[in-house]
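Undergrad: First the structure, which I've put down as C-alpha cells, then a few questions once you've had a look.
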Amino acid sequence: MILSHIVAVSENEVIGKDNSLLWKFPEDMQYFKKRTMGKIMIMGRKTFDSFGKPLPKRFHIVISRSAIDSQNEMVKYVGSVKEAYALAEKMSLNGPWPEEIMVVGGAQIYKETLPDVDFIYLTRIPGRYEGDSFYSLQIPKEFGLAFSQFSEENPGLRYEIWSKTQTNSD
C-alpha cells in the first residue's frame, strides 16, 4: 500500500475554516480530482460532510468516533486510522482499487497519518488566510522534493510532490 497526502495550504499553513475551503481555484480542484479519481480516499467525518455527497468514482473511508452505517456502497465508516489502513489495504489487494491510497483531510487525520505517508501532493496557495484548520509546511526531513511547478493560470499557485526518500536501515 502506498499512502499519500493531498492538501492545499496557504502561506500561513491554513487549510480551512468552519469545515470549508477559503479559496476558489478551479484548477486546483481539477488537480485534486485528477489525483484522487479511481482511488480509495481516507478522511475524517467533517471532511466527508464538507463534500456534501460522495465524490464520483472514488471510495470513501471515513474515520468517525460515532458508529455509522452508510447506505452508499462507496462509503465505509471506521473508528480509527488503523482500521482505515486495514480496510484500504484489503480493498487494494483484493479489488479493482489501485495501491495508492489518498488521505484528503482534515487536519487531525493528516497529523495522525503523516508518519506513514510515502508522498505528499502539496498545493501552495498564495496569501494568508484566517482559519481554524492547519497543515504544517515543515515537510519531514525524510522527504525530498520530487516535483515543483508554478501554475500558468494562477500566479503564485504552486504544485509540489514530496517523496519519502529511501533510507538504509543497516
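Undergrad: Find the strands (runs of 3 or more DSSP E) located wholly in region 116-170 whose residues include 2 or more that are open to solvent by 60 Å² or more (accessible area, probe 1.4 Å) and in contact with a helix residue (DSSP H, G or I) (Cβ under 7 Å, 6 or more places away or on another chain), and list them. Even if it seems obvious, please write down each step before you answer.
TA: Values: elements: 119-125, 143-150, 158-164.
Correct list: empty, since no element meets the threshold.
Undergrad: Is it fair to say Gly106 is under 20 Å from Ile161 (Cα atoms) and either surrounded by 15 or more Cβ atoms within 10 Å (Cβ to Cβ) or under 17 Å from the mean Cα position of the chain (by Cα) (or both)? Lay out the reasoning, then the answer.
TA: Details: under 20 Å from Ile161 (Cα atoms): yes; either surrounded by 15 or more Cβ atoms within 10 Å (Cβ to Cβ) or under 17 Å from the mean Cα position of the chain (by Cα) (or both): yes.
Spelling it out, Gly106 is indeed under 20 Å from Ile161 (Cα atoms) and either surrounded by 15 or more Cβ atoms within 10 Å (Cβ to Cβ) or under 17 Å from the mean Cα position of the chain (by Cα) (or both).
Undergrad: Which condition number in (1) closer than 25 Å to Arg124 by Cα; (2) in contact with a strand residue (DSSP E or B) (Cβ under 7 Å, 6 or more places away or on another chain); (3) buried (at least 18 other Cβ atoms within 10 Å of the Cβ); (4) in contact (Cβ under 8 Å) with a residue 40 or more places away in the chain is the one that Phe48 fails?
TA: The one condition Phe48 does not meet is (4).
Undergrad: Quickly run through region 23-82 and pick out the residues that are farther than 16 Å from Gly106 by Cα and acidic (Asp, Glu).
TA: Glu27, Asp28, Asp69, Glu73
Conditions tested, residue by residue: (1) touching a residue at least 40 places away in the same chain (Cβ under 8 Å); (2) within 30 Å of Lys57 (Cβ to Cβ).
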site	(1), (2)
Gln108	yes, yes
Asp116	yes, yes
Ile125	yes, yes
Glu130	yes, no
Ser133	yes, yes
Lys141	no, no
Gly144	no, no
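Undergrad: Still on this model: Which of the following residues is at pLDDT 95 or above and more than 30 Å from Glu152 (Cα to Cα): Arg58, Arg35, Arg45? So that I can check it myself, show each step before the final result.
TA: Values: Arg58 fails: more than 30 Å from Glu152 (Cα to Cα); Arg35 fails: more than 30 Å from Glu152 (Cα to Cα).
The match here is Arg45.
Undergrad: Can we say Ala84 is within 30 Å of Gly156 (Cβ to Cβ) and either in contact with a His (Cβ under 6 Å, 6 or more places away or on another chain) or small (Gly, Ala, Ser) (or both)?
TA: Details: within 30 Å of Gly156 (Cβ to Cβ): no; either in contact with a His (Cβ under 6 Å, 6 or more places away or on another chain) or small (Gly, Ala, Ser) (or both): yes.
No: the conditions fail for Ala84.
Undergrad: Let me ask you something else. Regarding Glu83, is this residue open to solvent by 70 Å² or more (accessible area, probe 1.4 Å) and either at pLDDT 95 or above or among the polar types (S, T, N, Q) (or both)? Spell out the reasoning first.
TA: On the way: open to solvent by 70 Å² or more (accessible area, probe 1.4 Å): yes; either at pLDDT 95 or above or among the polar types (S, T, N, Q) (or both): yes.
For Glu83, the condition - open to solvent by 70 Å² or more (accessible area, probe 1.4 Å) and either at pLDDT 95 or above or among the polar types (S, T, N, Q) (or both) - is met.
Undergrad: Further, regarding this structure: Just to be sure before I move on: is Asp116 within 22 Å of Ser136 (Cβ to Cβ) and either out of contact with any Cys (no Cβ under 6 Å at 6 or more places or on another chain) or among the hydrophobic types (A, V, I, L, M, F, W, C) (or both) in the structure I sent?
TA: On the way: within 22 Å of Ser136 (Cβ to Cβ): yes; either out of contact with any Cys (no Cβ under 6 Å at 6 or more places or on another chain) or among the hydrophobic types (A, V, I, L, M, F, W, C) (or both): yes.
For Asp116, the condition - within 22 Å of Ser136 (Cβ to Cβ) and either out of contact with any Cys (no Cβ under 6 Å at 6 or more places or on another chain) or among the hydrophobic types (A, V, I, L, M, F, W, C) (or both) - is met.
The values are calculated or read from the model by the stated rules, or taken from the named source; none is laboratory data. Since this is a predicted model, take the numbers as computed values, not measurements. Cβ coordinates were reconstructed from backbone atoms using ideal geometry, including for glycine residues, and neighbour counts include every protein chain displayed. All accessible areas refer to the heavy atoms of the entire protein, side chains included, with ligands and DNA or RNA removed. Shrake-Rupley method; radii C 1.70, N 1.55, O 1.52, S 1.80 Å.
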